[in-house]
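The values are calculated or read from the model by the stated rules, or taken from the named source; none is laboratory data. Everything quoted here is computed from the prediction, not taken from an experiment. Every residue, glycine as well, gets a Cβ built from its backbone with ideal geometry; the counts of neighbours run over all protein chains shown.
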Amino acid sequence: MNDFLRQKKANELFKRYEGNPIITPENWPYPANAVMNPASIKLNNETLLLIRVEDMRGFSHLTVARSADGFTNWQIDPAPTMEANQDSHEERWGLEDPRIIWLEEQKQFGITYTSFSEGGPVVSLAITKNFRTFARLGALLPPEDKDACLFPRRFRGRFALIHRPIVRGEAHMWLSFSPDLKHWGDHRLLIRTRTAYWDCHRVGLACQPIETPQGWMIFYHGVRITTAGAIYRVGLALLDLEEPWKVLRRSDEWILGPRAYYERVGDVSGVVFPSGATIQKETNQLNLYYGAADCVIAVATARLSDCIDYIMSCPQVEQ
């Protein structure tokens, strides 16, 4: 496929839901400045979102919303579902940007999120069976680190974590390994920023890794800083199924960027920030949930098979 046809395909891959934004601060059962960056899963025939909510102080916490169809009639917990522990040094200033996976070995959901305090942002982990009570396992990696998610299974006996540390001012995606979800090592650079591209200044994981026969499909956000500010767009990559440190393919172009008014007008203009996805296997539909302009929540849909076809048409990555 030539570059023009692939760019056309990338531009047409996702369709914004006509009822966007699906959740706004005006829908909230208690005062909130912004709602954004939701993790998402399918649970008990419902779509569950674990949403970052910014309060009127500028601090964030996490709250659950549920919907039968994943688009409308959201039932929102009447109070914060998971708040910062003020006695903890790691999360005194709030909890941000969760991602959820099912840990088959533990028979529980694993939630990676950003804890924020005087020491900076760190990657933290909590586990839950019911999204009402949570066991917090604390910080996994030191600051400055964000945009993290576990893989749902081990590789060669070890858990794997994608995350985005800041190293010498550089913001690339890394992969780290652990035998026990506590001690982490074998840190490897996974996806770099690219000079002059749309993702030239920062990259970070979007939603949870999606397992396909072709490999792990990874949505990620890329940032380009312009004279008008930063623009957050979304790209796609494919990792090897058994050796996820090997990047097989990566899109040259973005597949979703700020275009609609609710993505351009808000607390931070020009932001499309996905952090959760669900798949309807019967219809082959992928729902990508994202924060728009750091203010509201929206969803875009695509056929999973089209996403796979597209990433397989993208350039192979030299190992």
Can you list residue pairs whose Cβ atoms sit under 6 Å apart, with the first residue in the range 133-150 being in contact (Cβ under 8 Å) with a residue 24 or more places away in the chain and the second being of a type in the set (Lys, Arg)? Count only pairs 6 or more apart in sequence or on different chains.
LYS146/ARG164; ASP147/ARG164; CYS149/ARG99
Please verify whether the range 190-202 includes one or more residues that are closer than 30 Å to ASP267 by Cα, surrounded by fewer than 20 Cβ atoms within 10 Å (Cβ to Cβ) and of a type in the set (Asp, Glu).
no
Scanning the range 44-58 for residues that are surrounded by fewer than 17 Cβ atoms within 10 Å (Cβ to Cβ) and modelled with pLDDT of 95 or more, which turns out farthest from GLU96 (Cα to Cα)?
GLU46
Please go through the range 210-224 and pick out each residue that is surrounded by fewer than 23 Cβ atoms within 10 Å (Cβ to Cβ) and either under 12 Å from the mean Cα position of the chain (by Cα) or not in a strand (DSSP E or B) (or both).
ILE210, PRO213, GLN214
Is it the case that some residue within the range 82-92 is buried (at least 20 other Cβ atoms within 10 Å of the Cβ), over 30 Å from ASN284 (Cβ atoms) and in contact with a Lys or Arg (Cβ under 8 Å, 6 or more places away or on another chain)?
yes
Spot the failing condition for VAL167; the list is (1) without any contact (Cβ under 8 Å) to a residue 12 or more places away in the chain; (2) buried (at least 22 other Cβ atoms within 10 Å of the Cβ), and only one is missed.
(2)
Kindly provide the set of residues from the range 295-319 that are over 17 Å from SER40 (Cα atoms) and either hydroxyl-bearing (Ser, Thr, Tyr) or in contact with an Asp or Glu (Cβ under 6 Å, 6 or more places away or on another chain) (or both), ordered by number.
CYS295, SER305, TYR310, SER313
If we ask which residues in the range 308-318 are touching a strand residue (DSSP E or B) at 6+ places or on another chain (Cβ under 8 Å) and farther than 12 Å from ARG6 by Cα, their number turns out to be 3
State whether the residues of the range 279-291 include one that is touching a His at 6+ places or on another chain (Cβ under 8 Å), within 24 Å of GLU96 (Cα to Cα) and either hydroxyl-bearing (Ser, Thr, Tyr) or not in a strand (DSSP E or B) (or both).
no
Selection from the range 264-295 of residues modelled with pLDDT of 95 or more and of a type in the set (Asp, Glu) yields ASP267, ASP294
Checking THR227 against (1) out of contact with any strand residue (DSSP E or B) (no Cβ under 8 Å at 6 or more places or on another chain); (2) at pLDDT 95 or above; (3) not acidic (Asp, Glu), only one condition comes out false. Which one?
(2)
From THR128, THR112, grab the single residue that is in contact with a Cys (Cβ under 8 Å, 6 or more places away or on another chain), in contact (Cβ under 8 Å) with a residue 12 or more places away in the chain, surrounded by 18 or more Cβ atoms within 10 Å (Cβ to Cβ) and among the polar types (S, T, N, Q).
THR112
Scanning the range 185-205 for residues that are of a type in the set (Gly, Ala, Ser) and either outside any loop (DSSP other than H, G, I, E, B) or in contact with a Leu (Cβ under 8 Å, 6 or more places away or on another chain) (or both) gives GLY185, GLY204
Tally, over the range 225-237, of residues that are assigned to a strand (DSSP E or B), farther than 17 Å from PRO274 by Cβ and either touching a Ser or Thr at 6+ places or on another chain (Cβ under 9 Å) or in contact (Cβ under 8 Å) with a residue 12 or more places away in the chain (or both):
2
